Amino acid sequence: MNDIIILDESLINKIAAGEVIERPKSIVKELIENSIDAGADNIFIEIKEGGKSYIKVQDNGFGMNENNAKKACLRHSTSKISKTDDLFNISTLGFRGEALASMAAVSELILTTKQQNNPHGIKLTYKAGRLISEEKTGCPKGTTVEINNLFYNTPARKKYMRPMQIELNHIIDIVQRYALIHPEIHFKLVHNNKELLNSPSTSNTQANLSYIYGRNIAKDMLPVNFSSGLIEIMGFISKPNLNKSTKSDQSIYINRRYIKNKTISDALNNAYHTLMFINRYPVAVLNISIDPSKIDVNVHPAKSEVKLEREKEIYDVVFEAVRQTLLENDLIPDMRLRTPAEYPKLKVKEPSSAYALQKHKQKTLSETSDISLKKLPEMVIHGIVNKTYILGETKDELIIIDQHAAAERILYEKFMEQFYNKKIQVQKLLNPLLIELDPKKHLILESNLEFLKEIGFELEPFGKNEFIISTLPSVLGKQVNKEMILDIISELDSAEKTKTIDELKNERIARMACRSAVKAGEELTMHQIRDYLQSLDKKEISYTCPHGRPILIKFTFRELEKMFKRT
């Protein structure tokens, strides 16, 4: 065994730098946080080669005097905390006192800073953590940090940096995250002399979303403003029709610090249950204001993860904030029509007699259809297209309703209400159904007998691989047959093992509602249409089927006028 030695200061600094400075993005993040803590309302970031060769972050914050500037690049030097108790009540973004020292240890760093009333600023130059020059200089109020040749003295670290575009993407991401939560700050990002992001200072948070995400996304974002005794939640969440394949467009903040936390992420995504397709995720910008003493932001060197007290309560509040926002807003997707130039050339043929007959039926349907609704928009029904889509008209819009999706939602909500109230209504079969199963399906059924009984199926063994079904849930109507039950049994075995019992039950009930609902191609009477829409109007969620597919979409007449060149 080798002798134990005390590492020299240079090596200690490089090890510490490895904990805080993982890549160019880490530098940009730490410097932005320092600028925000310094009260800046203008932060300019310039980088070259994805941050590998040059990074500059310039702000107009308070700046530092000469004495404090010289201390700033020493390890564990900070103005944010002074005693042990401060660690458990952190209200600033940068506090560990490692960032500047770590940057200086693995680069050539230039720090230029000036306070408002000082006649001049100070410029300090470091190389591999050593101060090599200092000079007085003329400069505006604030602080500028320049990083040259990152990891030049740690070649192994430099070797494992990713290609320029990947490092650049990481930097864009973190700048965007802080621009989203700080609309009062003007952020500007330039790479290789090309402007990539320019988010002016504004008091209009919706306008800030437009600067960063663009108008099309911003218009589909809903404001969240929710408060409980524990926390306050503010920000924006997307309508269900605006969704992504990953969670990368979800920005979660605690006290305006960008963080990652599974409890909060799960609450956000679970609140969209049955409003969005499986494995699709909303866009969100949510800030959670909470007593700093109730969180621990000191668990990770880069301060990207936090520990929460009373996690279950925080989950419930976030879930309620998101769910309530969704339920209080119109979630009907507003469809954008293509311009005439975007349409392919169509072959026009004379309508068939069947088509003419269908048009006649539609006309008959529409003669008695001004349906009065409260939650859904009041509309006049003009008929059905392709035995699938109900056409409605409001004062300003054309509404199209998917009859199957609407029926699914109604059945699902009715079933779930009975299920959770333990009041499943059943229908006793005059002629019980006898089903025969192969050994695998027999085993699946046996292991799910309790769940099936909970939802209204009464089954008894009959012979070796047979079961008799004597009752069915009434909500499924007369649609249930042997084939449907066999399908349900097959699906009981296809569930993901990582899902909770409640999630699995929800999915299974949603599938049964889907199978029992009126299908596309089935003809509806005006009486049925009226019943569907009035039932849907009373449901908590009226805009998507249980799988997240839209029930209604709308086109504004303004869009139609554009299509026909009437404007």
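Rule-based calculations on the coordinates, nothing more; no lab input. All figures in this text were calculated on a predicted structure; none of them were measured in a lab. Reconstructed Cβ throughout: ideal geometry from the backbone, glycine too, with neighbour counts over all protein chains shown.
In table form, for the structure just shown:
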| item | result |
| --- | --- |
| Over 24 Å between alpha carbons, listed pairs LYS25/LYS159; LYS441/LYS482; LYS239/LYS519 | LYS239/LYS519 |
| FRET efficiency, ASN67 to GLU309 (Cβ-Cβ, R0 56 Å, nearest 0.05) | 0.90 |
| Subset of LYS414/LYS505; LYS219/LYS554; LYS194/LYS219; LYS56/LYS127 violating a 21 Å alpha-carbon distance limit | LYS194/LYS219 |
| Estimated FRET transfer efficiency when R0 is 41 angstrom, pair ASN118-SER53 (beta carbons, to 0.05) | 0.85 |
| Derived scalar couplings ³J(HN,Hα) [the stretch 424-436; Karplus, 6.51 cos²θ - 1.76 cosθ + 1.60; whole Hz; x for Gly, Pro] | 5, 7, 10, 10, 7, 7, 5, 10, x, 8, 10, 10, 10 |
| Using a Förster distance of 30 Å, the FRET efficiency for ASN270-ASP291 (Cβ separation, nearest 0.05) | 0.75 |
| Qualifying GluC sites (Glu not before Pro) in the stretch 529-567, DSSP loop, other Cβ atoms within 10 Å at most 16 | GLU540 |
| Sequence ranges 447-459, 191-203, ranked by mean other-Cβ count within 10 angstrom, highest first | 447-459, 191-203 |
| Whole-Å distance, taken between Cα centres, linking the stretch 409-483 and the stretch 28-69 | 65 |
| Estimated vicinal HN-Hα couplings, Hz - the stretch 443-451 in sequence order (Karplus 6.51, -1.76, 1.60; Gly, Pro = x) | 5, 4, 5, 4, 6, 10, 4, 5, 5 |
| Which listed pairs, of LYS52/LYS260; LYS262/LYS423; LYS48/LYS158; LYS260/LYS312, have C-alpha distances above 23 Å, in listed order | LYS52/LYS260; LYS262/LYS423 |
| Length added when fully stretched, ALA156-GLU320, from 0.36 nm per residue minus Cα-Cα | 54.3 nm |
| Span from the the stretch 144-222 Cα centroid across to the the stretch 228-290 one, whole angstrom | 20 |
| Rounded, prolate or oblate (a/c below 1.5 giving rounded, otherwise prolate when a/b exceeds b/c) for the stretch 371-437 by Cα gyration tensor | prolate |
| Most to least packed among 482-490, 416-424 [average Cβ atoms within 10 Å] | 482-490, 416-424 |
